[in-house]
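Structure first, commentary second.
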Amino acid sequence: MPTLHVGGPDHEHPTPEQMDEWRRWMSPPDNEFPAGLGLTVLLGRTDDAAVGITRIEAFTTGFRFTLAVRLRQALPGLGPGGLSMLVGSHGPRVEIPLEERLLLGIEYSDGRRASTLRDQMPAPGAMADRPRLVLAQHGGSAGEHSVDHTYWVAPLPPEGPVTFVLAWPAFGMPESGTVLDGAAIRAAADRSQILWPPQPAAERREPPPPPRPSSGWFAEPPA
């Protein structure tokens, strides 16, 4: 689940209804079984690297896909988790040089766009009749030669082209676009199965403090 920093310019705390709406916007609904599109798409490749989409699953509120990255050889000098850092979503504080990052973007036929170069997550209460496009990373797996990261996109696209934009200059992949059919994604969403009504989010409770010895230095809590 993406990290949430709540509060607008006046630091207003969102209402429970706004929080529920935000969760439905930022994550796949957990009361649905998605429908797959049954396709894989190669977005770019060179002699030493390949980037593509291995799975697309559609829900009533958006779709989820897996970004697959494969390298012929491990990168010298790149420590554990380094390849994942090059591929993953990049917030404003990421210090990896821009030319080394894998950049991924999506554009809908109505002009809405989102990318892994995100400034900040939309806050609760920001929904509108035409909500902004969300591209949120939701985890995955990585090694020295491969990365599989899952992304959530919402809302569903309108009918028309859905363009995936890829750029990874460090691996010889200039900016390029790959077009999928928005109508096909919407048709798959119609096949998503709703399992049960949405359940209210559980109230978050602070865990109890850990047990302490009955005597000695560790018996006293921090000042």
*Cβ-derived FRET efficiency at R0 25 Å, residue 96 paired with residue 70, nearest 0.05*: 0.80
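Please give the length that would be gained between residue 113 and residue 215 if that part of the chain were fully extended, namely 0.36 nm times their separation in residues minus their C-alpha to C-alpha distance (nm, one decimal). Spell out each step's value before the answer.
On the way: separation 102, 0.36 × 102 = 36.72 nm, distance 5.94 nm.
Here the segment from residue 113 to residue 215 would lengthen by 30.8 nm.
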_Förster radius 25 Å - calculated FRET efficiency between residue 47 and residue 141 (Cβ-Cβ, nearest 0.05)_ = 0.55
*Under the Karplus curve 6.51 cos²θ - 1.76 cosθ + 1.60, θ = phi - 60°, whole-Hz ³J(HN,Hα) for segment 131-138, x wherever Gly or Pro sits*: x, 5, 6, 10, 10, 10, 6, 10
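Computed from the coordinates by the stated procedures, all read-outs in this text should not be read as laboratory data. Fair warning: this is a prediction, and the values are worked out from it, not measured in the lab. For neighbour counting, all protein chains shown are included, and Cβ atoms are generated from backbone atoms with ideal geometry for every residue, glycine included.
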